[in-house]
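Chemist: Can you read through this structure? Questions will come right after.
The values are calculated or read from the model by the stated rules, or taken from the named source; none is laboratory data. Here the structure is a predicted model, which means the values were calculated and not measured. A quick note on method: Cβ atoms are made from the backbone with ideal geometry, for glycine too, and the neighbour counts reach across all protein chains shown.
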Amino acid sequence: MAIFTIPKVAITLIALYIARRVYWEATTGARRRSIAKQNGCLPPRKVPLRDPIFGLDLLYSNIKAHSDNRLLEAWSDRLKSQERHTVVMPILGNNIYLTDDPENIKSMLATNFNSWSLGRERIKMMASFLGYGIFCTEGAAWKHSRDMLRPCFERSQVADVDMMEKHVKCLIDQIPDDGKTIDLQPLFHHLSMDIATEFLFGRSTNAQDPNLRDEDVEHFVEAIEYCSDPFSNDNIKRWGFIGAFLPDPKHAKCAKVLRDFADKYLDAEIASRSTSTTTTPPKDRYSFLDTLLSATQDRTTIRSELLNILLAGRDTTASLLSNLFFELTRHPSKLARLRHEISTHIGSSQPTYDTLKQLKYLRAIINETQRLYPVVPSNSRETLIDTVLPRGGGPTGASPILIPKGSFVAYHSYSLQRRKDIYGEDAEEFVPERWMPDEHSSAPLRPGWAYLAFSGGPRVCIGQNFAITEAGYVVVRLLQTFGEVESRDEGVWREKLTITCIGAGGCKLGLRRELETEGEAVEEKS
């Protein structure tokens, strides 16, 4: 009878595995059990999957939902289906936590800030085309970036609305005033590009004007849109999700386009300074680039900061304006109320920073738009150490949960800001009045960490005042100019999700300078 024998190599490997496991249990495992016991941690609910190890069915469903422009809805439904605000899911052998609990988000972004990282892979991905600027650094490097950029967003700079006026006039000139349907979304992108580049570089790209447009603008826009969308990878289109792990030569070419674009303006500014008789730029030529050059001479640092802020300045404001007009034009009574507020406080005059501050209902509309359609609808953090989130574990989800070092937690602002237990039964509806509590309810609305339009904690957006001022200025100017603004899109909102999020269907409107009379309407229809 043949006797089956186990090879010595196999025995050695098994022994090494057992020894490693025993060592892990005696060290890391023991430490984690101690942390869990001290904090009363209980396990979170797991999302049931057909593949409970690698979660390939979940990965496939996410890719499918993204292609259908409904990934945000799918994530939100996943939380609702589990009747939890924090769940855990296996993806490619790693546990990924998903939460829309404001207490957990507060812990990650503020109270336990130093225990969390943006994530090594995320930083590497974004820095590959933006460079190591404020959105792609941590620790001392991030603090240095923030300190260097903060003066650029002081009130004296943000309050200079005259810089916006000429660009908004250019936008208005492109809009047909006879009620013809036009998609304002690409125009908003061009507008925000022009304002952002003038603020950053001291000179605009003139993206709105084909006669003056910087010849490199279209290449820049194509490159940044390709790099910002991980699903635009040509390899993914050819090989499926496996393509995400293959080299992407086009990404490298696009990243070079972005660097060259920023370098062109940097070189022009340096040349301008070298021929100037004074080392201090004139006050009327203030730019973000001036401040950076005063703080550092490192080209890589300056280029990276410019690209980081340009991405934020271009995409976020265009998204906010598109979503705002998408919703506002579907609610004539709210539009009429806003017009009345503008007429009362500003009339036909050019808005100023101070008069914009008086428009409480406009700010409520901006808040409500950002609540329903957050520009960054989902974000994540990676744990630097074994740590604890305050909620999500146990039978009711009210107990703390242990998050092991190296784990990822995705926090879902889109779902959070539509929670009915926080915002009421009308949480899925566009109700700006909820931000004016004397009218919507007896108690003031203070959502705190349930509202993340500009993030929170130490990494709260330093440009939020500039973004709100720019968006408010554009809204006022458009409504002052056009007596009729009508929605021409009856479809439901779907997302186009990249690093930021915008409506996939655009912002289709019909605008007239004068209100159409009843007789004119009948004559046109006949």
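Chemist: Quick one: in the stretch 486-515, of everything that is modelled with pLDDT of 95 or more and over 27 Å from the mean Cα position of the chain (by Cα), which residue is farthest from GLU198 (Cα to Cα)?
Modeler: GLU486
Chemist: Going by what's in this entry, would VAL460 be described as closer than 30 Å to THR137 by Cβ and surrounded by fewer than 20 Cβ atoms within 10 Å (Cβ to Cβ)?
Modeler: yes
Chemist: Among the listed residues THR352, THR383, identify the single one that is out of contact with any helix residue (DSSP H, G or I) (no Cβ under 9 Å at 6 or more places or on another chain) and either touching a residue at least 60 places away in the same chain (Cβ under 8 Å) or surrounded by 23 or more Cβ atoms within 10 Å (Cβ to Cβ) (or both).
Modeler: Unique residue meeting the criteria: THR352.
Chemist: Listed residues LEU71, LEU149; which is farther than 27 Å from LYS250 by Cβ, in contact (Cβ under 8 Å) with a residue 12 or more places away in the chain and among the aliphatic types (A, V, I, L, M)?
Modeler: Going through LEU71, LEU149 in turn, just one is farther than 27 Å from LYS250 by Cβ, in contact (Cβ under 8 Å) with a residue 12 or more places away in the chain and among the aliphatic types (A, V, I, L, M): LEU149.
Chemist: In the list ASP162, ASP194, ASP209, which residue meets the criterion of being acidic (Asp, Glu), surrounded by 22 or more Cβ atoms within 10 Å (Cβ to Cβ) and at pLDDT below 95?
Modeler: ASP194
Chemist: Still on this structure, I have one more. (1) modelled with pLDDT under 95; (2) part of a helix (DSSP H, G or I): which one isn't true of SER442, the others all being true?
Modeler: Evaluating SER442 over (1) modelled with pLDDT under 95; (2) part of a helix (DSSP H, G or I) leaves (2) as the failure.
Chemist: Output the residue which, of all residues in the stretch 279-314 that are part of a loop (DSSP other than H, G, I, E, B) and farther than 30 Å from CYS501 by Cβ, is modelled with the highest pLDDT.
Modeler: Here the answer is ASP298.
Chemist: Which ones in the stretch 70-86 are buried (at least 22 other Cβ atoms within 10 Å of the Cβ) and either aromatic (Phe, Trp, Tyr) or in a strand (DSSP E or B) (or both)?
Modeler: Listed by number, the list holds a single entry, THR86.
Chemist: Are any residues in the stretch 488-504 touching a Lys or Arg at 6+ places or on another chain (Cβ under 6 Å) and either surrounded by fewer than 16 Cβ atoms within 10 Å (Cβ to Cβ) or assigned to a loop (DSSP other than H, G, I, E, B) (or both), and if so, which ones?
Modeler: Within the stretch 488-504, ARG488, ASP489, ALA504 qualify.
Chemist: How many residues does the stretch 182-203 contain that are farther than 14 Å from ASP290 by Cβ and outside any helix (DSSP H, G or I)?
Modeler: Result for the stretch 182-203: 2.
Chemist: A further question follows. Given the structure, is THR355 at pLDDT 95 or above and either over 27 Å from GLY483 (Cα atoms) or in a helix (DSSP H, G or I) (or both)?
Modeler: Judged against the criteria, THR355 is a match.
Chemist: Mind listing whichever residues of the stretch 359-368 are touching an Asp or Glu at 6+ places or on another chain (Cβ under 6 Å) and either in a helix (DSSP H, G or I) or polar (S, T, N, Q) (or both)?
Modeler: TYR361 - this is the single residue of the stretch 359-368 that is touching an Asp or Glu at 6+ places or on another chain (Cβ under 6 Å) and either in a helix (DSSP H, G or I) or polar (S, T, N, Q) (or both).
Chemist: Exactly one of (1) surrounded by fewer than 16 Cβ atoms within 10 Å (Cβ to Cβ); (2) modelled with pLDDT of 95 or more; (3) among the aromatic types (Phe, Trp, Tyr) is unmet by TYR60. Its number?
Modeler: (2)
Chemist: Which is under 30 Å from ALA364 (Cβ atoms) and touching a helix residue (DSSP H, G or I) at 6+ places or on another chain (Cβ under 7 Å), of LEU321, LEU292, LEU306?
Modeler: LEU321
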